[in-house]
Each structure stands twice: as C-alpha cells, then as structure tokens.
C-alpha cells in the first residue's frame, strides 16, 4: 500500500470564476488514486509588510505556512499578468518564505496556468520557476501545462472541456506523484 500524497493547491487569481481556479478544480477531479488535494484561498493573506511581520505573522499567513508544512507537495496554478505572475501569488510566496523554518524549502511543486492569450501563462510560469530556485522549491520539469485560449476551453460552468489540456493536467499530477515519492526516498 502506497502512502497517500497530500498536495496543497492554490491559484494566483482571486477572481471566483477565473480560469485558473477552474483549472485547480479540474486537477482535484483528475488526481491519481494515491493523492489528495487541499485548496488554499490566498485572498485573506495581507500585503507583505515588514512592520506587520515584526509584530507577528498574521493569522492567514500562519495558516498558509502551516498548510504548506503539512503538505507533501504543492500545486500552483497561475495566470499571467503583465508577462509575469500575479502580485497576489508573489506576495503569498514572499510571506511564506520568511524565516524561520521556511516551509517551502525542499518541497516538490507542480506548476500550471491558463490564460486567454496564446501562451497559456508560460511567462508567468517561468518567473515562478525562478522564484522556486530562491526558496528552494523543487518543481516538476515536465510536462508543462499551458492552457492557452482558455476562454475557448472552459464551458460556462467553468469545466475544462479540452481533451489535450485534461491529459496534460493528469500527466502533470502523475509526474508530481512520482517526483514526490522520488524525493522522499532520496
């Protein structure tokens, strides 16, 4: 019997009906049998402020860090804003990366994204990968999931209807499971 892999997922979009939140919901439906997914909403996390940090981490930040610590792996779904990841996502990572005991250190992570443009949030994902280097998250390299023209690939209820994207998400989750197990043995 394989120990289940606990994944914490979060989307870099705050909009309730965003394509990236819909992609995260889709991932929850496509999980391998040996995996569970808990979704964290980044909305309550305040803007990073060193003065606030000096007075003590806000409760939403403590909760986020605690959930990261408890997870075996992360799944980050990001839109692309101005050729990069959204500020809300970078802000959450900034808060979580503060010492002591940075909970993302050595954590396996899968990244995917959706956009209405032709690149499927590729530039945002590459900037996120650069951030992963500094905080020492260990991203799955392949497959990469770029859901381009997202407005044509999700139906009115937010269900992903594109078979290629569905296969990509399923393959990414399987790769995350394999990567997480491999790192646990190392």
Checklist outcome for this item: Note on the chain, DSSP bridge orientation, antiparallel percent to nearest 5 equals 10 percent
Checklist entry - To the nearest whole percent, what portion of all C-alpha pairs in the range 5-185 is separated by more than 21 angstrom? => result 45 percent
Item to check | Potential lengthening between residue 101 and residue 182 on full extension [0.36 nm per residue; Cα-Cα distance subtracted] | outcome: 26.9 nm
Checklist entry - Which length gain, in nm to one decimal place, applies between residue 167 and residue 91 when the Cα-Cα distance is subtracted from 0.36 nm times their residue separation? => result 24.3 nm
Next on the checklist: For the range 26-95, what does the relative contact order come out to in percent, with C-alpha contacts under 8 Å and a separation of six or more?
Outcome noted: 32 percent
Item to check | Least to most buried among 69, 78 (fewest other Cβ within 10 Å first) | outcome: 69, 78
Checklist outcome for this item: Reduced to Cα centres, the span from the range 135-164 to the range 26-103 in Å works out to 19 Å
Checklist entry - Between residue 15 and residue 136, 0.36 nm times their residue separation minus their Cα-Cα distance comes to what? => result 40.7 nm
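All of the numbers you see were taken from the coordinates with simple rules; none came from a lab. These numbers were taken from a predicted model, which means no experiment stands behind them. Every residue, glycine among them, receives a Cβ derived from its backbone with ideal geometry; neighbour counts consider all protein chains shown.
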